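A.B. asks: Pasting in a structure now, in structure tokens, and then I'll have a few things to ask.
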Amino acid sequence: MIKATAFVLSTVLFSGLTHAACAKPEAPVLPDASTAVTAQMVKAKNDVQAYMTGANAYLECVSNDKKHNRMVKSMKKIGKEFNVAVRSYKERMANS
């Protein structure tokens, strides 16, 4: 009886940890490249890197194909938006 109770308790505790580790990361808010300063762009870079790291961890543990595909789509969207913002920022800095 004690072994069964310990097994059930450990299963419940570890399943909660697994669920917590499989949390979907929030997409970062990117600055407006037409008005952003360097510090904002650096913060955006760090936020995007943290998002991608969290998203990759999420992809490792998510078992639902629909959730997996949505996350990949979001990662591509954020990456593209960030790259556009960086290009725009660099162009603005070169022309000022």
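A.B. asks: Taking the condition of being in contact (Cβ under 8 Å) with a residue 40 or more places away in the chain and either crowded, with 16+ Cβ neighbours inside 10 Å or touching a strand residue (DSSP E or B) at 6+ places or on another chain (Cβ under 9 Å) (or both), how many residues in segment 44-61 meet it?
C.D. replies: Here the count works out to 1.
A.B. asks: While we're here: Do any residues in segment 70-96 that are among the charged types (D, E, K, R) have Cβ atoms under 7 Å from those of residues that are surrounded by fewer than 16 Cβ atoms within 10 Å (Cβ to Cβ) and not in a helix (DSSP H, G or I), where the two are at least six apart or on different chains, and which pairs are they?
C.D. replies: If the second residue must be surrounded by fewer than 16 Cβ atoms within 10 Å (Cβ to Cβ) and not in a helix (DSSP H, G or I), the pairs left are R92/S34.
A.B. asks: From the list G79, G54, G16, which one is in a helix (DSSP H, G or I) and at pLDDT below 95? Walk me through it before giving the result.
C.D. replies: Values: G79 fails: at pLDDT below 95; G54 fails: at pLDDT below 95.
Sole residue among the options that is in a helix (DSSP H, G or I) and at pLDDT below 95: G16.
A.B. asks: Can I ask one more? Tell me, please, whether a residue that is among the hydroxyl-bearing types (S, T, Y) and assigned to a helix (DSSP H, G or I) can be found in segment 59-66.
C.D. replies: For segment 59-66, residues among the hydroxyl-bearing types (S, T, Y) and assigned to a helix (DSSP H, G or I): absent.
The values are calculated or read from the model by the stated rules, or taken from the named source; none is laboratory data. Keep in mind that what you see is a predicted model, and the values were worked out from it rather than measured. Note that each Cβ is placed from the backbone with ideal geometry, even for glycine, and that neighbours are counted across all protein chains shown.
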